[in-house]
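Enquirer: Sharing a structure with you now.
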Amino acid sequence: MQMLTAFVLLCYHVFAIVGLPTTPSQHADGIVLPLQSSNTSQVLTGALPSMNRPLILPYRIKVPNTRTTIRLGFGIPRKDLDPNELSVLLAVTEAYVDEQLQSLGAGGAQAPYPVMGLGEQYFHKSLGDDVHIEIWNLEYQDYFTWTVLRNVLRGLSTYLIDGKRYRQCWFEFSNGQPVPVGAGRITAGLERAFESD
C-alpha cells in the first residue's frame, strides 16, 4: 500500500512539474476544462509538421455558442510569448477573417477556406515580428470553413488572451466531428510548417 501511495504522489508531482493539469480548471468566461473529460493520453505525432516528438494536448476548449472544440497543449518546456504581440496578432487575425467572411456574402459562412494544389489548406498570419499563427487541415478530403476558422481564433483568444496564458501552443480542432479536422500552432522563432502563403 505504501508503494502505491508513493507512486501516486510521484505522478502528481511529475504532472505539476511539467505543467499538466492535476485538477479541473474553470476559465473566467465559464469554459470548464474538466480533467476527466480530457483524454490526456491522446498523443499527436504526425499531424504537426516539423515536430520530431509527440505532443500531449491536455486542454479541451469548447468555443461558446458553436460546435467547435479545440484541444491544446503548451509543450515542454513552456515558452512564454510577449503578451502584446500575441494579443495584437490574434486581434488582427480575427479582424482579417471577419473581413473575408463579409466579402463572401450571405452564403460565404459555409464556404471552405481555400484549398491548395494537393488538397491541403494552410493559413498563416504574422505581423512581421517573431510570433506567428499557422493553421492547416489534417485530412485532404476534410476541409474547414471560414466560419470554423473564425471560431478557432475566437476560442484561442478567449482561452489565451482573456485567460492570460501568453504561451506558445499547439492545437487541434473539430467542428462536431469525433476526429479533428485541422491543427495549428502559435509559435515564436520556429520555421513555418509550409512555405506557401
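The values are calculated or read from the model by the stated rules, or taken from the named source; none is laboratory data. None of these values were measured; they are calculated from a predicted model. Accessible surface is based on the protein model in full, side chains and every heavy atom, while ligands, DNA and RNA are left aside. Shrake-Rupley method; radii C 1.70, N 1.55, O 1.52, S 1.80 Å.
Enquirer: Suppose we take every Cα in the range 66-197 and form the convex hull; what volume per residue is that in Å³? Don't skip to the answer; put the middle values down first.
Expert: On the way: hull volume 15.1 nm³, N = 132.
Hull volume over Cα atoms, normalised by residue count, gives 115 Å³.
Enquirer: Can you pull the three principal axis extents for the Cα set of the range 143-192, in Å, largest first?
Expert: Largest first, the range 143-192 extends 29, 27, 19 Å along its Cα principal axes.
Enquirer: What percentages, rounded to whole numbers, describe P(r) for the range 55-113 computed over all alpha carbon pairs with 5 Å bin width beginning at zero?
Expert: So the P(r) values, bin by bin, are 4, 14, 12, 19, 24, 14, 8, 4, 1.
Enquirer: Hey, got the Cα dimensions of the range 110-186 along the principal axes, in Å, largest first?
Expert: Extents along the principal axes, in whole Å: 35, 29, 19.
Enquirer: Now, a different point. Just to verify a number: what accessible area does Thr158 come out at with the full protein assembly present, 1.4 Å probe, Å² rounded to tens?
Expert: 30
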